[in-house]
Amino acid sequence: MISVEPMRWWHIEHVHDLELSLFPSDAWSLEQFWQELAQPTRHYVVAIDDGRPVGYAGALVTATDADVQTIAVSAAHQRRGLASELMTALLGGAADRGATHVLLEVRADNAPAISLYEGFGFTRISTRPRYYPDGVDAVVMRLALADRWRP
């Protein structure tokens, strides 16, 4: 059974390995994960299967605004609703910390991710041309957290 729980320091190496496998050309460094987890303004969660992280998500939460920093699910665990579980935990955590709005950037060519975000009520608010290192645009999306995300 897969559980979603707060990311802790002992998850970082496994999360980084997952990051490298999913995003080989622009993966975050191990140090970036350590720095993110050390910040009090960050909220990170992991999906655990058989003792190992198989997905993760994180957000920056300051005052009433949150910004999704990352969300990823191992190739073997995709298309099972795990990204939705991670996003639910992330949005709930952001609401618990006082966020009323959430922003994110997503690759314009990542239709499954855009569909996921639209399913949560995110709307497209702008495009950042050639945002990613390979020249792909970023779609900027925004969500006003509904009462259902309140603790």
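Could you tell me which residue of the range 3-13 is nearest to residue 95 (Cα to Cα), considering only residues that are outside any strand (DSSP E or B) and under 16 Å from the mean Cα position of the chain (by Cα)?
Of the residues in the range 3-13, the ones outside any strand (DSSP E or B) are 7-13.
Add one more test, that the residue is under 16 Å from the mean Cα position of the chain (by Cα), and what stays is 7-8, 11-12.
Values: 7: 17, 8: 20, 11: 24, 12: 24 Å.
Per the stated criteria, the residue is 7.
Considering the range 14-41 alone, what residues qualify as being closer than 28 Å to residue 135 by Cα and either basic (Lys, Arg) or part of a loop (DSSP other than H, G, I, E, B) (or both)?
Of everything in the range 14-41, those that are closer than 28 Å to residue 135 by Cα and either basic (Lys, Arg) or part of a loop (DSSP other than H, G, I, E, B) (or both) turn out to be 23, 24, 25, 26, 27, 28, 29.
Within the set of pairs 6 or more residues apart or between chains, which connect a residue that is without any contact (Cβ under 8 Å) to a residue 24 or more places away in the chain inside the range 1-19 to a residue that is of a type in the set (S, T, N, Q) and surrounded by fewer than 16 Cβ atoms within 10 Å (Cβ to Cβ) with Cβ atoms less than 9 Å apart?
The qualifying pairs are 16/29; 16/32.
Give the residues of the range 27-55 that are closer than 21 Å to residue 77 by Cα and either in contact with a Phe, Trp or Tyr (Cβ under 9 Å, 6 or more places away or on another chain) or surrounded by fewer than 21 Cβ atoms within 10 Å (Cβ to Cβ) (or both), sorted by residue number. Walk me through how you get there before you give the answer.
Residues of the range 27-55 that are closer than 21 Å to residue 77 by Cα, as a first pass: 27-28, 44-55.
Hits for the range 27-55 are 27, 28, 44, 45, 46, 47, 48, 49, 50, 51, 52.
Out of curiosity, is residue 69 over 27 Å from residue 115 (Cβ atoms) and without any contact (Cβ under 8 Å) to a residue 60 or more places away in the chain?
Spelling it out, it is not the case that residue 69 is over 27 Å from residue 115 (Cβ atoms) and without any contact (Cβ under 8 Å) to a residue 60 or more places away in the chain.
So, in the range 66-95, exactly how many residues are more than 19 Å from residue 14 (Cβ to Cβ), touching a helix residue (DSSP H, G or I) at 6+ places or on another chain (Cβ under 8 Å) and either in a helix (DSSP H, G or I) or of a type in the set (Asp, Glu) (or both)?
Qualifying residue count, the range 66-95: 6.
Kindly evaluate residue 98 against the criterion of being at pLDDT below 95, assigned to a helix (DSSP H, G or I) and either among the small types (Gly, Ala, Ser) or within 22 Å of residue 5 (Cβ to Cβ) (or both).
It is false that residue 98 is at pLDDT below 95, assigned to a helix (DSSP H, G or I) and either among the small types (Gly, Ala, Ser) or within 22 Å of residue 5 (Cβ to Cβ) (or both).
The values are calculated or read from the model by the stated rules, or taken from the named source; none is laboratory data. These numbers come from a predicted model, not from an experiment. Cβ: placed from backbone, ideal geometry, glycine included. Neighbour counts: every protein chain shown.
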